[in-house]
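Please read the structure below before turning to the comments.
The values are calculated or read from the model by the stated rules, or taken from the named source; none is laboratory data. Fair warning: this is a prediction, and the values are worked out from it, not measured in the lab. All Cβ positions, even for glycine, are placed from backbone atoms using ideal geometry, and neighbour counts span all protein chains on display. For accessibility, only protein heavy atoms count, side chains too; no ligands or nucleic acids. Shrake-Rupley method; radii C 1.70, N 1.55, O 1.52, S 1.80 Å.
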Amino acid sequence: MGRPGREPIIRALRAIRWYVGSIMGDNHYQRYVEHRRATHPGEPVMTEREYWKARHDGATVSARCC
């Protein structure tokens, strides 16, 4: 393991990285895929390229459809 007291700092840095990534949209596609697979099993899922193109073209693309 690391030095004592280092783990809380590492956890905080990971949380900050996750938060900034969420704001910047880094995990939007992953959330979309998880939602589609959970609520619409067996239905096609857009590729990441299709997802971002639809999102930037102004289509309503969300991690939540319902």
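Just a few scattered comments:
- Residues being surrounded by 10 or more Cβ atoms within 10 Å (Cβ to Cβ) and either touching a residue at least 24 places away in the same chain (Cβ under 8 Å) or part of a helix (DSSP H, G or I) (or both) - total across the stretch 1-28: 17
- Annotation: Cys66 fulfils all but one of (1) outside any helix (DSSP H, G or I); (2) modelled with pLDDT of 90 or more; (3) loosely packed, with under 13 Cβ neighbours inside 10 Å; the unmet one is (2).
- Search result, residues across the stretch 29-47 that are among the β-branched types (Val, Ile, Thr), assigned to a helix (DSSP H, G or I) and open to solvent by 50 Å² or more (accessible area, probe 1.4 Å): Thr39
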